[in-house]
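To start, the structure under review is shown below, and the notes come after it.
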Amino acid sequence: MLTGPHKTRSCGALIFKEMIVKNSDMISRLQRLKKNRSYGEDLTGTDISGILIENVSLRNAKLDGADLSRSHLIQVDLSGANLNGADLRGTNFELTNLEGAVLDNVKADRSIFTQCRFSGSRFLNAVFGWAMFRVCDCERADFSNTNFSRAKLLNSFFGNAIFSNTQLLGATTFASSFPNAQLESAMNFFRSREMIAEILQPYVEDDMERAKLVGAILTARQVCFGKWKTLLASQTEYRDLAMKIFKGYPYSGLERALREGWTPAVIAAVQDES
């Protein structure tokens with residue numbers, strides 16, 4: 001099913017009618033693609049904004065600079081597609097296949113991705129401020145120089161993903177996993193308990209006390225850096241080990257947060273200042 005704008009309140013029927021007319025040619029084109037199962041369609045720079053796109057194959061499509069803002073994509077095959085510089089702001093993706101896609105330089109603030117596949121995709125210099133990823137597979141995805149400020153990366157898989165110079169200030173990662181992810185130059189992920197547990201886990205070995213502490217990072221979510229600083233004051237062995245590990249992630253903010261014992265109020269202030 002392909003329709004005009006799915007938003008039905010506040011703007012008025014006349015505006016929606018104008019938007020439908022504006023996108024009518026594109027809707028017709030997408031209808032044909034739905035029937036023909038297109039491969040490598042050239043949609044460079046096209047306006048596909050504000051429409052519902054469902055069950056369409058855009059595999060290997062050229063969508064460089066395309067405007068998909070505020071659209072709703074459901075079960076769309078975008079595997080191998082090139083979306084370099086595309087506008088995805090406020091766009092909603094559901095059950096969409098983006099494996100091997102190129103999303104360099106996309107603007108995707110406040111976009112939502114639900115049960116999408118990004119295995120092997122590339123996101124160089126992309127912007128995902130306030131975006132949400134829910135139950136997504138991002139294995140081996142390259143997020144180098146991407147901005148995830150205040151994004152929500154929830155219950156998703158980031159195994160072997162690359163976070164080189166990736167900005168994660170204020171991002172939350174509840175129930176997500178990051179096995180073997182490259183986090184050495186990731187920035188400001190001090191709020192991500194899942195990332196912290198991932199970088200500490202290799203040092204647990206057979207030490208049950210270390211295992212308990214790492215487990216507590218994930219489960220005792222009310223315990224802030226201030227409380228960890230107090231707790232580890234009497235366990236200098238574990239404190240010194242944590243500080244040594246954190247030094248290997250110089251842009252994470254972790255070493256400073258633990259050393260100064262940041263409270264939630266301090267963390268909020270740090271986020272607001274940046």
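Considered as a group, the residues in the range 55-85 that are assigned to a strand (DSSP E or B) and at pLDDT 95 or above include one that is surrounded by the fewest Cβ atoms within 10 Å (Cβ to Cβ), and that residue is 74. Residue selection: residue 170 satisfies the criterion of being assigned to a loop (DSSP other than H, G, I, E, B), surrounded by 18 or more Cβ atoms within 10 Å (Cβ to Cβ) and not hydroxyl-bearing (Ser, Thr, Tyr). Might you let me know whether the range 183-191 holds any residue that is surrounded by fewer than 20 Cβ atoms within 10 Å (Cβ to Cβ) and free of Cβ contacts under 8 Å to residues at least 40 places away in the same chain? No, every residue in the range 183-191 fails to be surrounded by fewer than 20 Cβ atoms within 10 Å (Cβ to Cβ) and free of Cβ contacts under 8 Å to residues at least 40 places away in the same chain. No other residue among 194, 184, 198 is acidic (Asp, Glu), within 20 Å of the chain's Cα centre (by Cα), in a helix (DSSP H, G or I) and over 20 Å from residue 130 (Cα atoms) apart from 198.
Residues that are part of a loop (DSSP other than H, G, I, E, B) and among the small types (Gly, Ala, Ser) were ranked within the range 229-243; the one that is surrounded by the most Cβ atoms within 10 Å (Cβ to Cβ) is 233.
When the range 150-165 is filtered for residues that are without any contact (Cβ under 8 Å) to a residue 40 or more places away in the chain and closer than 22 Å to residue 90 by Cα, the ones remaining, listed by number, are 151, 152, 153, 154, 155, 156. In the range 205-226, the residue that is farthest from residue 269 (Cα to Cα) out of those that are touching a residue at least 24 places away in the same chain (Cβ under 8 Å) and in a helix (DSSP H, G or I) is 209.
The values are calculated or read from the model by the stated rules, or taken from the named source; none is laboratory data. Bear in mind that the values here come from a model prediction, so they are computed numbers and not experimental data. Virtual Cβ from ideal backbone geometry, glycine too; neighbours counted across all protein chains shown.
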